[in-house]
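Some notes on the structure that comes next.
The numbers here are math on the coordinates, done by the rules we state, and not lab data. Owing to the predicted nature of the structure, the values given are computational and were not obtained by experimental measurement. No Cβ is skipped: glycine too gets one built from the backbone with ideal geometry, and neighbour counts run over all protein chains shown.
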Amino acid sequence: MKELITQEIGSFRKPEYLARDFHKIEGTPRFKELAEKATRETLEVFERSGLDNVGIGGEMFRWEMYEHPAERIKGIIFYGMVRSFDNRYYRKGSAIDRLERREPFHVDEVNFVARSTDRPLKVPITGPYTMMEWSFNDYYESREDLAMEFARIINEELKDIQRTWDKVSGGRKLEIQIDEPATTTHPDEMDIVVESINRSVEGIDGEISMHVCYSRDYRLLYDRIPDLKIDGYNLEYSNRDLLERGLSDEKRPGFNDLKYFTEINESLQRRKFIGIGVTDVHIDYVEPVELIEDRINYALKIIKDPEIVRINPDCGLRTRSREIGEQKLRNMVAARNNVLKNL
């Protein structure tokens with residue numbers, strides 16, 4: 001495995017020509033033309049930045065992580081807009097009947113992106129617990145029942161993605177990222193998180209990771225590392241960190257709990273990889289290369305093995321301009337390269 005793989009974590013800002021009329025043209029030939037154009041341009045940004053893994057091209061085919069799959073599920077109706085973060089909103093749906101997929105969520109996107117680059121790709125998909133948490137439930141007996149129904153549907157989607165991938169990937173390994181920002185919002189429901197994610201990935205042959213872009217307490221997640229049937233984690237750390245240089249615990253408070261991760265991970269027969277968020281996606285400030293180096297080096301002081309460490313932004317960069325997003329990625333890759341020189 002290449003040391004300190006740099007990876008894009010999910011979404012990227014859409015060009016204005018696609019964002020402006022996204023909902024008006026979605027599903028038309030014009031939409032397909034513009035989404036493909038935006039994807040090619042975004043892949044060029046990622047490749048210029050020097051990323052090893054270019055994700056799925058910035059999710060140009062998707063407006064939002066919840067709405068995109070929910071719109072394609074029979075049994076969900078939408079009531080209105082609610083806020084997610086950074087003054088971003090989504091339409092919250094409600095389960096009013098048994099859930100069934102109307103159509104695939106991401107197959108066309110995977111097909112196009114896989115044919116557009118020979119770089120390693122990572123396909124993000126919104127996880128079952130977050131789909132449950134971000135929905136109203138007007139049909140199922142319990143939150144667990146609803147989460148497991150989303151898990152069943154996501155498993156169907158992943159199997160379709162795998163079939164498509166096998167045809168167009170040219171032998172590249174399938175990499176799936178389960179996006180679960182709601183993971184630790186209800187500490188007493190971690191069993192539901194584990195059971196629904198494990199159900200989602202049943203029978204999938206590829207590398208499975210989990211992405212969490214914020215958390216009240218990652219220790220809740222770390223405690224369940226032995227139970228989750230996935231290969232690694234891509235997590236947010238910089239949003240809770242300082243913008244000062246240094247390698248001490250005091251200077252790197254955002255990364256302190258990696259000590260607990262390592263304690264759990266080292267006890268496993270097969271260790272999981274950890275993607276560490278080294279640039280904050282909620283601010284326009286572009287962290288200097290030297291600060292990002294300190295964040296990486298601090299993490300390596302704890303984890304020690306660079307082969308199980310990956311480097312990524314905290315989350316997708318869709319709330320930042322494309323110019324700022326690219327500069328954050330460039331600095332991230334430059335910092336990784338500098339750290340590698342001294343390993």
Considering only residues that are under 22 Å from S215 (Cβ atoms) and either surrounded by fewer than 21 Cβ atoms within 10 Å (Cβ to Cβ) or in contact with a Lys or Arg (Cβ under 8 Å, 6 or more places away or on another chain) (or both), which ones fall in region 304-317?
I308, I311, P313, L317
Would you check which residues across region 8-22 are exposed (fewer than 14 other Cβ atoms within 10 Å of the Cβ) and either touching a helix residue (DSSP H, G or I) at 6+ places or on another chain (Cβ under 8 Å) or β-branched (V, I, T) (or both) and list them?
Y17
Please find, within region 216-243, the residue that is surrounded by the most Cβ atoms within 10 Å (Cβ to Cβ) out of those that are touching a Ser or Thr at 6+ places or on another chain (Cβ under 7 Å), of a type outside the set (K, R) and farther than 25 Å from E307 by Cβ.
L220
Can you find a residue that is touching a residue at least 12 places away in the same chain (Cβ under 8 Å) and either touching a His at 6+ places or on another chain (Cβ under 7 Å) or surrounded by 21 or more Cβ atoms within 10 Å (Cβ to Cβ) (or both) anywhere in region 164-173?
yes
Of the residues that make up region 180-188, is at least one β-branched (V, I, T) and surrounded by fewer than 19 Cβ atoms within 10 Å (Cβ to Cβ)?
yes
I need the full set of residues from region 108-122 which are assigned to a helix (DSSP H, G or I) and either over 12 Å from E47 (Cβ atoms) or among the basic types (K, R) (or both), in order please.
D108, E109, V110, N111, F112, V113, A114, R115
How many residues are more than 23 Å from P181 (Cβ to Cβ), in a loop (DSSP other than H, G, I, E, B) and either among the β-branched types (V, I, T) or in contact with a Phe, Trp or Tyr (Cβ under 7 Å, 6 or more places away or on another chain) (or both) if we restrict to region 253-293?
1
Within region 23-79, restricting attention to residues that are among the acidic types (D, E) and not in a helix (DSSP H, G or I), which residue is surrounded by the fewest Cβ atoms within 10 Å (Cβ to Cβ)?
E26
Do we have Y298 as among the aromatic types (F, W, Y) and without any contact (Cβ under 8 Å) to a residue 60 or more places away in the chain here?
yes
